[in-house]
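The values are calculated or read from the model by the stated rules, or taken from the named source; none is laboratory data. Treat the numbers as computed from the prediction; the structure is a model and nothing was measured. When we count neighbours, we look across all protein chains shown, and the Cβ atoms used for this are built from the backbone with ideal geometry, even at glycine.
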Amino acid sequence: MILNEIAAKLAALSLGTVGTNIFYGSMPDKPDECCAIYEYGGLAPVHQFGSTALDYETPAVQVVFRGPKPVAGVTTAYTGPRTKAETAYRGLTAVQVTTLTGGGQSALYHTIHAQQSPFMIGRDDNERYLIGCNFLAEKEPSA
């Protein structure tokens, strides 16, 4: 599953630990500083000619970082998650012809394309900044 593989890559980039501050599909209220990875619609898969087997697929993910509460004395409320999003942006787009492994699965990634530079999504109910980036991954099916 792409979420496991992307989460493992983010952990390898020193952006957190899966289950501690990197989460799949939702962002819990605690800890303040964390990351969530969301799947969303990608592109149609490509089948091998004359076969029903998938040659490669192009799923899409969004990676979102949240910062600390912006209170007096906190100088990283915006810059903290923005810096992490930039590290993810550069680290994931550097993936080319690389096998990513996570959650007991792995897949050969041809490339990961950022759809744009990191951007501010907004703030959550506690005024914490949310900074994200969207990616399309061209990869072989996970096994």
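The residues of the range 84-143 that are touching a Ser or Thr at 6+ places or on another chain (Cβ under 6 Å) and farther than 17 Å from residue 22 by Cβ, listed by number, are 96, 99, 106, 107, 108, 109, 114, 136, 138. Looking at 77, 60, just one residue is modelled with pLDDT of 95 or more, more than 22 Å from residue 116 (Cβ to Cβ) and aliphatic (A, V, I, L, M), and that residue is 77. Here 93, 75 are screened, and the one residue that is surrounded by fewer than 17 Cβ atoms within 10 Å (Cβ to Cβ), more than 13 Å from residue 137 (Cβ to Cβ) and of a type in the set (S, T, N, Q) is 75. Restricting attention to the range 47-67, the residues that are closer than 14 Å to residue 121 by Cα and either surrounded by fewer than 16 Cβ atoms within 10 Å (Cβ to Cβ) or not aromatic (Phe, Trp, Tyr) (or both) add up to 5. Across the range 68-79, a minimum of one residue is classified as part of a helix (DSSP H, G or I), within 22 Å of residue 120 (Cα to Cα) and of a type outside the set (A, V, I, L, M, F, W, C).
Among 12, 36, 44, which is the only one that is under 15 Å from residue 93 (Cα atoms) and either of a type in the set (A, V, I, L, M) or exposed (fewer than 11 other Cβ atoms within 10 Å of the Cβ) (or both)? Of 12, 36, 44, the one residue that is under 15 Å from residue 93 (Cα atoms) and either of a type in the set (A, V, I, L, M) or exposed (fewer than 11 other Cβ atoms within 10 Å of the Cβ) (or both) is 12. Inspect the range 97-113 for any residue being small (Gly, Ala, Ser), within 24 Å of residue 33 (Cβ to Cβ), touching a residue at least 12 places away in the same chain (Cβ under 8 Å) and part of a strand (DSSP E or B) and give the result as yes or no. Yes. Scanning the range 15-32 for residues that are touching a Cys at 6+ places or on another chain (Cβ under 9 Å) and surrounded by 15 or more Cβ atoms within 10 Å (Cβ to Cβ) yields a count of 6. Of all the criteria given as (1) assigned to a strand (DSSP E or B); (2) more than 21 Å from residue 130 (Cβ to Cβ); (3) among the polar types (S, T, N, Q), the one not satisfied by residue 51 is (1). Just checking, does the range 33-45 include any residue being outside any strand (DSSP E or B), at pLDDT 95 or above and in contact with a Lys or Arg (Cβ under 6 Å, 6 or more places away or on another chain)? Checking the range 33-45: not a single residue is outside any strand (DSSP E or B), at pLDDT 95 or above and in contact with a Lys or Arg (Cβ under 6 Å, 6 or more places away or on another chain).
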